[in-house]
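S.K.: One structure is given below, represented as structure tokens, and several questions about it will come after.
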Amino acid sequence: MKLICPICEKDLSRQDKSLVCPELHRFDIARQGYVNLLTVQRRHSAHPGDTREQVLSRREFLEGGFYTPISLALNEAAKRHGASGPILDVGCGEGYYSARLAQSLGAELTGLDVSKEAVRWAAAKYKQYQWLCATAAQIPVAAGAAGLVTSLFAITLPEEFHRVLREKGLFFQVLAAQDHLLGLKKIIYDELIFREKDTVPELPGFALAESLPIRFSFTVEGQQVQNLFAMTPHLFRVSKAGAQRLRETERLTDTASCVLNVFRRT
């Protein structure tokens, strides 16, 4: 996938172990194989995105196969809608979903995440693909370079996704439904507050091709209970009492509930 400089937006080309643009902005390729294209001006903190502990927790949980139905639904939808061309995964994390999707389609893959820890682990495990530390607000990819953009439990920026997608390209969006992980929530919160949630949003520049609910139950035990908790945004919202109740939970049966929206670029 053709990359562009995050500073001047001119094409990047490889020179030895770096990516360089015509203005001589240089970005070194890390030992693990990823490239850091997140400029200082685009960082909102010293270490943006998921921490090493969060990344490892999510990796261990996903490698346990508990969310395999989501991965299979993505792969099947991609084939059903005739997805083709390079894949761009925005908010890729450690690459679990998009690596399996790329393998299923035999497609080229570029994953990007604002977390350097996430792309470091992705690059170390899935060496055949391209991994970038970058912001979704300014994707360092040339216009029309992607055939399929994915944002899985991550941010959606329609204008930027529209720019990087080719004509009639696809955008796959996975959003958590209101009843996602109710079992976990009942343990960590004293009271559940339900707010209306739009799981099939209208996106400018895109037409909805399909909206597919994905719902299944699973059981976790021991450390996997904590891994599940660590990979959710509830990690930053829970009280000390709620966290203690979860630490005392040795076994949890819960239900994953999300929506896969398939959009086509118009």
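The values are calculated or read from the model by the stated rules, or taken from the named source; none is laboratory data. For clarity, every value in this text was computed on a predicted model and none was experimentally measured. Please note: Cβ atoms are built from the backbone with ideal geometry, for glycine as well, and neighbour counts cover all protein chains shown. These area figures cover heavy atoms from the full protein model, side chains too; ligands, DNA and RNA do not enter into them. Shrake-Rupley method; radii C 1.70, N 1.55, O 1.52, S 1.80 Å.
S.K.: So what does H234 come to for accessible area, using a 1.4 Å probe and Å² rounded to 10?
M.R.: 20
S.K.: Another question about this same structure. Select from segment 192-266 those GluC sites (Glu not before Pro) which occupy a DSSP coil region and have at most 15 other Cβ atoms within 10 Å, ordered by residue number.
M.R.: Those satisfying the criteria are E196, E202, E248, E250.
S.K.: Okay, next question. Would you check the accessible area of F194, probe 1.4 Å, heavy atoms only, in square angstrom rounded to 10?
M.R.: Counting only protein heavy atoms, the figure is 120 Å².
S.K.: I've got another one for you. Per-residue HN-Hα couplings for segment 116-129, Karplus 6.51 cos²θ - 1.76 cosθ + 1.60 at θ = phi - 60°, whole Hz, x for Gly and Pro?
M.R.: My calculation for segment 116-129 gives 5, 4, 5, 6, 4, 5, 4, 5, 5, 8, 10, 5, 7, 10 Hz in order.
S.K.: How would you classify segment 1-152 from its alpha-carbon gyration tensor, with a ≥ b ≥ c the square roots of the eigenvalues: rounded for a/c under 1.5, else prolate if a/b is greater than b/c, otherwise oblate?
M.R.: Oblate, since a/c reaches 1.5 and b/c is not below a/b.
S.K.: Starting at the first residue of segment 149-166, write each ³J(HN,Hα) from the Karplus equation 6.51 cos²θ - 1.76 cosθ + 1.60 with θ = phi - 60°, in whole Hz, x for Gly and Pro.
M.R.: With coefficients 6.51, -1.76 and 1.60, one gets 10, 10, 9, 10, 6, 9, 6, 10, 10, x, 5, 6, 5, 4, 4, 7, 7, 6 Hz.
S.K.: Could you pull the accessible area for R26 with a 1.4 Å probe, rounded to 10 Å²?
M.R.: Here the accessible area works out near 130 Å².
S.K.: Quick one: Karplus J couplings for segment 95-102, per residue in order, coefficients 6.51, -1.76, 1.60, θ = phi - 60°, nearest Hz, x for Gly and Pro?
M.R.: So the J values, rounded to whole Hz, are x, 4, 5, 6, 5, 5, 5, 5.
S.K.: If you place +1 on the Cβ of every Lys and Arg and -1 on the Cβ of every Asp and Glu, how big does the dipole about the Cα centre of segment 44-192 come out, in debye to the nearest 20?
M.R.: 420
S.K.: Counting each DSSP H run of 4 or more residues in the chain as -39500 (n - 2.57), what helix-only mean residue ellipticity at 222 nm follows after dividing by all residues, to the nearest 500 deg cm²/dmol?
M.R.: -8000 deg cm²/dmol
S.K.: If the chain between R251 and E76 were fully stretched, how many nm would it gain, using 0.36 nm times the residue separation less the Cα-Cα distance?
M.R.: Fully extending the segment from R251 to E76 adds 59.9 nm.
S.K.: Now, a different point. Let me spell out the model: positive unit charges on the Cβ of Lys and Arg, negative unit charges on the Cβ of Asp and Glu, origin at the Cα centre of the chain. What dipole size does that give, in debye rounded to 20?
M.R.: Computed charge dipole of the chain: roughly 400 debye.
S.K.: Taking amide hydrogens as modeled 1.01 Å from N in the peptide plane, which residues meet the under 5 Å criterion relative to I29, leaving out close sequence neighbours?
M.R.: The list, which skips near neighbours in sequence, is S18, L19.
S.K.: 5 Å is the cut-off here: which amide hydrogens, built 1.01 Å from N in the peptide plane, fall below it relative to I4, excluding neighbours closer than 5 in sequence?
M.R.: Under 5 Å from the amide H of I4: L12, V141, A142.
S.K.: How much of the DSSP bridge set in the chain is antiparallel, in percent, rounded to the nearest 5?
M.R.: DSSP beta bridges in the chain are roughly 60 percent antiparallel.
S.K.: Could you tell me which label, among [x] 158; [y] 126; [z] 136, carries the value of volume of the Cα convex hull per residue in Å³ calculated for this structure?
M.R.: So the calculated entry is the one marked [y].
S.K.: To continue, here is another question. Taking the Cα centre of segment 204-266 as the origin, how large is its charge dipole in debye, to the nearest 20, when only Lys and Arg (+1) and Asp and Glu (-1) carry charge on their Cβ atoms?
M.R.: Using Cβ point charges on Lys, Arg, Asp and Glu, segment 204-266 gives about 240 debye.
S.K.: Quick one: order T266, T255 from most to least accessible surface, probe 1.4 Å.
M.R.: The ordering from most to least exposed comes out as T266, T255.
S.K.: What ranking of L74, L157 comes out by heavy-atom accessible area, probe 1.4 Å, highest first?
M.R.: L157, L74
S.K.: Can you list residues whose amide H is under 5 Å from A209's amide H, if they're 5+ apart or on another chain and H is modeled 1.01 Å from N?
M.R.: V262, F263, R264
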